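Asks: Below is a structure I'd like to ask you about.
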Amino acid sequence: MEKKEMKFEEKIEELETLVKALENGDVELDKAIDYFTKATKLASECDKDLKEAEKALTSIVNEDGSLSEFKGEVEA
């Protein structure tokens, strides 16, 4: 069975759940280590997603299909 890619919002929600569980302190050590490992992975994925979104929002597609950085300046 193929694993479905989580949306950014789903990753953030799961990350928040894991952090709350760890902050609560009612988690056994082995489970806490698993939660921490998963939370670290999710945080890294979210960071990557945000960087990709930022790059997409600051780029424009040229007529030839190439990408250029959007500077927000109007050409005369």
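Asks: Segment 30-55 to segment 7-25: how many Å between their Cα centroids?
Replies: For segment 30-55 versus segment 7-25, the Cα centre distance is 10 Å.
Asks: Given Cβ point charges of +1 (Lys, Arg) and -1 (Asp, Glu) and nothing else, what value in debye, to the nearest 20, does the dipole of the chain about its Cα centre take?
Replies: For the chain, the charge dipole is close to 200 debye.
Asks: In addition: Net charge near Asp26: determine it from the other residues with C-beta under 15 Å of the C-beta of Asp26, scoring Lys and Arg +1 and Asp and Glu -1. Mind dumping the intermediate values first?
Replies: Numbers: positive: Lys20, Lys31; negative: Glu23, Glu28, Asp30, Asp34.
Here the count lands on -2.
Asks: Here's a follow-up. Angle check, please: helix 8-24 long axis (alpha carbons) against the longest principal axis of the chain (alpha carbons), in degrees 0 to 90, nearest 10.
Replies: 30 degrees
Asks: Can you list residues whose amide H is under 5 Å from Ser59's amide H, if they're 5+ apart or on another chain and H is modeled 1.01 Å from N?
Replies: Those lying under 5 Å, H to H, from Ser59 are Phe70.
Asks: Using alpha carbons only, what's the Rg to Rh ratio of the chain with Rh from Kirkwood? Could the numbers behind the result be given before it?
Replies: On the way: Rg = 19.0 Å, Rh = 15.4 Å.
With Rg and the Kirkwood Rh in hand, the quotient comes to 1.23.
We did not get these values from a lab; they are worked out from the coordinates using the rules stated. From a predicted model like this one, the values you see are computed outputs, not experimental measurements. We place every Cβ from the backbone using ideal geometry, glycine too, and count neighbours over all the protein chains shown.
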